[in-house]
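One structure is given here, and the rest of the page talks about it.
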Amino acid sequence: EATQAIEYSVSAANAWGCISKDTILISDVYPAPVITLPKKTTLCLNQDDTIYAGSGFSSYLWQDGSTGSSIVIQTPGKYKVTVSNMHGCIAFDSLTITKIAQAPAGFLPADTTICALDQFTIQPLKLFSEYLWSTGASANSISVQTPGIYRLRVRDNDQCVGQDSINIITK
């Protein structure tokens, strides 16, 4: 395996003693592309998942014959991609989806009535790995005084995304 520019020589002799020689100069050694697919094993029910192979490669070839830089997966199975760079060097990686998980749903408390000027803390009924409220907050809870509908988008440990809302009404 050539790892640097170097000259290789070979000599061979046949049964009659005839000798043949040849030399090759490897002047350019290019690194293989580096590709790392996500190591996820779970697909979220009713949520197509796009797997990106990365950018900057000159070609892509997925196990299904597609040639884009990404593939949409909808079922469990093994997904493999082979990439090449502009020098023709190749690399591959794969991931295996073994499980389908339900996306988070129904995780906020029921609609709530509060007294005017009271403050109410909205907190989901279970913990998640990521939160995004319609207010722009990313904490696991928010405190509100204004009536209205508050939405929360979450991501769980399986990387499934779900959304729920709560209506805060003042009396």
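The values are calculated or read from the model by the stated rules, or taken from the named source; none is laboratory data. This is a predicted model, so every value here is computed, not measured. Positions of Cβ are generated from backbone atoms using ideal geometry, with glycine treated the same way; all protein chains shown enter the neighbour counts. Each accessible area value is taken on the protein alone, full model and side chains, heavy atoms only, with ligands, DNA and RNA left out. Shrake-Rupley method; radii C 1.70, N 1.55, O 1.52, S 1.80 Å.
Any residue at all in the range 3-17 that's closer than 28 Å to GLY162 by Cα and assigned to a strand (DSSP E or B)?
So far as the range 3-17 goes, no, none of its residues is closer than 28 Å to GLY162 by Cα and assigned to a strand (DSSP E or B).
Whether any residue in the range 12-33 is among the β-branched types (Val, Ile, Thr) and closer than 22 Å to ASP158 by Cα is what I want to check. First the steps, then the outcome.
Residues of the range 12-33 among the β-branched types (Val, Ile, Thr): 19, 23-24, 26, 29.
With the extra rule that they be closer than 22 Å to ASP158 by Cα, the set shrinks to none.
Within the range 12-33, not a single residue is among the β-branched types (Val, Ile, Thr) and closer than 22 Å to ASP158 by Cα.
Please verify whether TYR60 is within 26 Å of ILE100 (Cβ to Cβ) and without any contact (Cβ under 8 Å) to a residue 24 or more places away in the chain, treating the condition exactly as stated. Let's see the steps before the verdict.
Values: within 26 Å of ILE100 (Cβ to Cβ): yes; without any contact (Cβ under 8 Å) to a residue 24 or more places away in the chain: yes.
So TYR60 fits the description; yes.
Out of all the residues in the range 74-93, which are β-branched (Val, Ile, Thr) and either closer than 15 Å to ASP49 by Cα or open to solvent by 20 Å² or more (accessible area, probe 1.4 Å) (or both)? Lay out the reasoning, then the answer.
To start, the set of residues in the range 74-93 that are β-branched (Val, Ile, Thr) comprises 75, 81-83, 90.
Across the range 74-93, the qualifying residues are THR75, THR82, ILE90.
Using the structure shown, decide if ILE51 is surrounded by 13 or more Cβ atoms within 10 Å (Cβ to Cβ) and either in a strand (DSSP E or B) or in contact with a His (Cβ under 8 Å, 6 or more places away or on another chain) (or both). It would help to see each step written out before you state the result.
Values: surrounded by 13 or more Cβ atoms within 10 Å (Cβ to Cβ): yes; either in a strand (DSSP E or B) or in contact with a His (Cβ under 8 Å, 6 or more places away or on another chain) (or both): yes.
Against the criterion (surrounded by 13 or more Cβ atoms within 10 Å (Cβ to Cβ) and either in a strand (DSSP E or B) or in contact with a His (Cβ under 8 Å, 6 or more places away or on another chain) (or both)), ILE51 qualifies.
Surrounded by fewer than 13 Cβ atoms within 10 Å (Cβ to Cβ), modelled with pLDDT under 95 and of a type in the set (Gly, Ala, Ser): does that describe ALA116?
yes
Would you mention how many residues in the range 125-139 are open to solvent by 70 Å² or more (accessible area, probe 1.4 Å) and of a type in the set (A, V, I, L, M, F, W, C)?
Qualifying residue count, the range 125-139: 3.
Of all residues in the range 6-35 being modelled with pLDDT under 90 and within 25 Å of PHE92 (Cα to Cα), which is surrounded by the fewest Cβ atoms within 10 Å (Cβ to Cβ)?
Per the stated criteria, the residue is ASP28.
Looking for whichever is more than 23 Å from ASN46 (Cα to Cα) and open to solvent by less than 70 Å² (accessible area, probe 1.4 Å) here; the options are ILE149, ILE142, ILE169. Which one fits? Reasoning before the result, please.
Values: ILE149 fails: open to solvent by less than 70 Å² (accessible area, probe 1.4 Å); ILE169 fails: open to solvent by less than 70 Å² (accessible area, probe 1.4 Å).
Exactly one of ILE149, ILE142, ILE169 is more than 23 Å from ASN46 (Cα to Cα) and open to solvent by less than 70 Å² (accessible area, probe 1.4 Å), namely ILE142.
Please work out which residue is farthest from ASP49 (Cα to Cα), limiting yourself to the range 112-171 and to residues that are touching a residue at least 60 places away in the same chain (Cβ under 8 Å) and assigned to a loop (DSSP other than H, G, I, E, B).
Narrowing the range 112-171 to residues touching a residue at least 60 places away in the same chain (Cβ under 8 Å): 158-161, 164.
From the residues that got through so far, the ones that are assigned to a loop (DSSP other than H, G, I, E, B) too are 158-160.
Details: ASP158: 12, GLN159: 10, CYS160: 10 Å.
So the residue we want is ASP158.
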